[in-house]
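Undergrad: There's a structure below that I have some questions on.
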Number of protein chains: 2
Amino acid sequence: MPRIKLEIAYDGTDFHGFAKQRGLRTVQGVLEETLARILKCSVEVYGSGRTDAGVHARAQVVHFDVPYGPPADKYVYMLRRGLPRDVVAVRAEQVPDSFHARFSVRRKTYRYTVQTAPVPDIFTQRYSWHEPLALDIGRMRAEAVHLVGEHDFTSFCAAATPVEDKRRTLYRVDVVQDGSYVHIWCTGNGFLQYMVRIIAGTLVDAGAGRLRMSVRDILAACDRTRAGRTAPPWGLALWAVDYGTVDDAIRP
Amino acid sequence: MPRIKLEIAYDGTDFHGFAKQRGLRTVQGVLEETLARILKCSVEVYGSGRTDAGVHARAQVVHFDVPYGPPADKYVYMLRRGLPRDVVAVRAEQVPDSFHARFSVRRKTYRYTVQTAPVPDIFTQRYSWHEPLALDIGRMRAEAVHLVGEHDFTSFCAAATPVEDKRRTLYRVDVVQDGSYVHIWCTGNGFLQYMVRIIAGTLVDAGAGRLRMSVRDILAACDRTRAGRTAPPWGLALWAVDYGTVDDAIRP
């Protein structure tokens, strides 16, 4: 059975997250329904990982096996006609059976966007967190560096998360200003639930001068209550999933 | 009774247009409900004009009379807390009773945006019409000039429109390329139903080399069937409403 690797983008606004849930509109659910309609057989879709309700993706990666069907490069065209407007098929290719969208991941990159203008821009409000504050970018960067490297990210993870091992490695955390927007870029080998959103909430606290302890101490505390708020989902986008192949661009 | 002039922006995706309709979510309906909740009295809101279902506004203008209440400049702050995220209160001021959001309008500017990249950008797909075509901007401009001036716009108006006088004046029609986006800017003294969307559909036909007669002849025919398609609502935004006062910016 040929295995297809598919890159998709989606606007998370109207989805209850990526992962299938009975009776709710999810990205995985919509993809499987659309593929089943096109291929006239049921298809199981595996994603690189979940995204929470309301979170967007510029480049989520999934794979699926098909018993027959068109050459891989036709999927983009067929899916573009079959998918709703808030899911876009970007590219598809046939991959060896050893490829797995989730288990083969080497790195992921997320972008969290804050909009600091006094009045939110109506054309970006679905994709950015409006915090009309003067943010001290230097302060944010100075705190962000403590996150880079291998750490126990318990303080930056939803308290109820059942995962035992909360050690993850962040390769880069960049704070980039673009006019009234501030982008927080995180690249790592894995992410815990709400991790980027708690990092964003904490770095915004740092930029607003209201962080009570340094990120270094927050990490060391291994205590979710020490970090900042969980920033809202709509500012977050899964930007790139890197499998270590040459064509995986990590940053724009 | 003090009269308040309010500028709002909205994302039209989840609205059945501007004008109130029983049982449907509309911009006017949401504004009136929010003001009633804040002021604890019923308020009637008058807009500069309708926008169709799905059409956005960067700067729609409304007015309303209030029996009492805070100084005009407090409305923006109060409304920003009370309104849903897809309607933004931009600014408010007290105006003389002679001001009327609809009858005092001098000019309006609309922007229609086409996205021509092969793969639509997920972050702009709610605000642009995806037509993955190589558009000849020169051709589009050459046809657009025929629209400028006073004309009978019957060919560029929904066929069922009951308005008798379809003469309107367009002061400017500009076609502006910005990377893979093409913006069609229209400024005029009044617009008929679907007028900008039919102009956009026709100019895209011109740019794609499939216009069968020139815009000059289409205008002269006074026949809706001669013009191009009605472009979809999500590419359109009401950009500015000009009342002839100094602070009304027509273009960004």
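The numbers here are math on the coordinates, done by the rules we state, and not lab data. Fair warning: this is a prediction, and the values are worked out from it, not measured in the lab. Note: ideal-geometry Cβ built from the backbone for every residue, glycine included; neighbour counts use all protein chains shown.
Undergrad: Among A:68, B:10, which comes first, second and so on when ranked by fewest other beta-carbon atoms within 10 Å?
TA: Least to most surrounded, the residues fall as A:68, B:10.
Undergrad: Where in chain B is the longest stretch that carries no GluC sites (Glu not before Pro) classed as loop by DSSP and with at most 16 other Cβ atoms within 10 Å?
TA: The reported range is B:45-163.
Undergrad: List the trypsin sites (Lys or Arg not before Pro) within segment A:105-180 that DSSP assigns to loop and that have no more than 14 neighbouring Cβ atoms inside 10 Å.
TA: The qualifying sites are A:106.
Undergrad: Using the Cα centre of the protein assembly as shown as origin and beta-carbon charges of +1 (Lys, Arg) and -1 (Asp, Glu), tell me which of A:16, A:59, B:24 is placed farthest towards the positive end of the dipole.
TA: Checked the options; the winner is B:24.
Undergrad: Can you compute the helix-only [θ] at 222 nm over the protein assembly as shown? Use -39500 (n - 2.57) per DSSP H run of at least 4 residues, normalise by all residues, nearest 500 deg cm²/dmol.
TA: One gets -6000 deg cm²/dmol as the mean residue ellipticity at 222 nm.
Undergrad: Let me ask you something else. Determine ³J(HN,Hα), in whole Hz, for all residues of segment B:39-56 in sequence, where each value follows from phi through the Karplus function 6.51 cos²θ - 1.76 cosθ + 1.60 and θ = phi - 60°; x replaces Gly and Pro.
TA: 8, 6, 7, 7, 10, 9, 9, 10, x, 5, x, 7, 10, 6, 3, x, 7, 9
Undergrad: Okay, moving on. What's the angle, to the nearest 10 degrees (0 to 90), between helix B:195-207's Cα axis and the longest principal axis of chain B?
TA: So the inclination is approximately 30 degrees.
Undergrad: Turning to a different aspect of this structure: Cut-off under 17 Å on the C-alpha distance; same-chain residues fewer than 8 positions from residue A:108 excluded. Which aspartates and glutamates are left, in chain and number order?
TA: A:7, A:52, A:150, A:174, A:242, A:247, A:248
Undergrad: OK, next. So if each residue of separation counts as 0.36 nm, and I subtract the Cα-Cα distance between residue A:214 and residue A:46, what length gain in nm does that give?
TA: Separation in residues times 0.36 nm, less the Cα-Cα distance, equals 56.7 nm.
Undergrad: Right, next: In chain B, if every C-alpha pair distance is counted and binned at 10 Å from zero, what percent goes to each bin?
TA: 7, 30, 33, 20, 8, 1
Undergrad: Rg and Dmax of segment B:3-95, Cα atoms, in Å?
TA: 12.0, 34
Undergrad: Hey, which lysines would be in cross-link range of residue B:20, C-alpha to C-alpha under 19 Å, not counting anything within fewer than 8 residues on its own chain?
TA: Cross-link targets: B:5.
Undergrad: Could you work out how far the C-alpha centroid of segment A:169-243 sits from that of segment B:16-61, in angstrom?
TA: Using only Cα atoms to place each centre, the spacing works out to 37 Å.
Undergrad: With a point put 7 Å past each Cα toward its Cβ, work out how far residue A:19 is from residue A:222 in nm, to one decimal.
TA: In this crude spin-label approximation the distance works out to 2.4 nm.
Undergrad: In addition: Which value in Å is the Kirkwood Rh of segment B:108-222 over different Cα pairs?
TA: Across segment B:108-222, the inverse of the average 1/r is 14.4 Å.
Undergrad: Sticking with this structure for a sec: Whole-Hz Karplus ³J(HN,Hα) for segment B:79-87, in order, using 6.51 cos²θ - 1.76 cosθ + 1.60 and θ = phi - 60°, x for Gly and Pro?
TA: 5, 4, 7, x, 7, x, 5, 8, 10
Undergrad: Quick one: compute the contact order of segment A:110-240, relative version, from alpha carbon pairs under 8 angstrom and 6+ residues apart, as a percent.
TA: Once divided by the residue count of segment A:110-240, the mean separation gives 36 percent.
Undergrad: Mind checking which aspartates and glutamates have their C-alpha under 19 Å from residue B:40, skipping anything on the same chain fewer than 8 residues away?
TA: Hits, sequence-local ones excluded: B:32, B:65, B:73.
Undergrad: Determine, from the Cβ-Cβ distance of residue A:1 and residue A:81 and an R0 of 22 Å, the FRET efficiency 1/(1 + (r/R0)^6), rounded to the nearest 0.05.
TA: 0.40
Undergrad: Distance in nm between label sites at residue B:159 and residue A:65, each 7 Å beyond Cα in the beta-carbon direction?
TA: 5.3 nm
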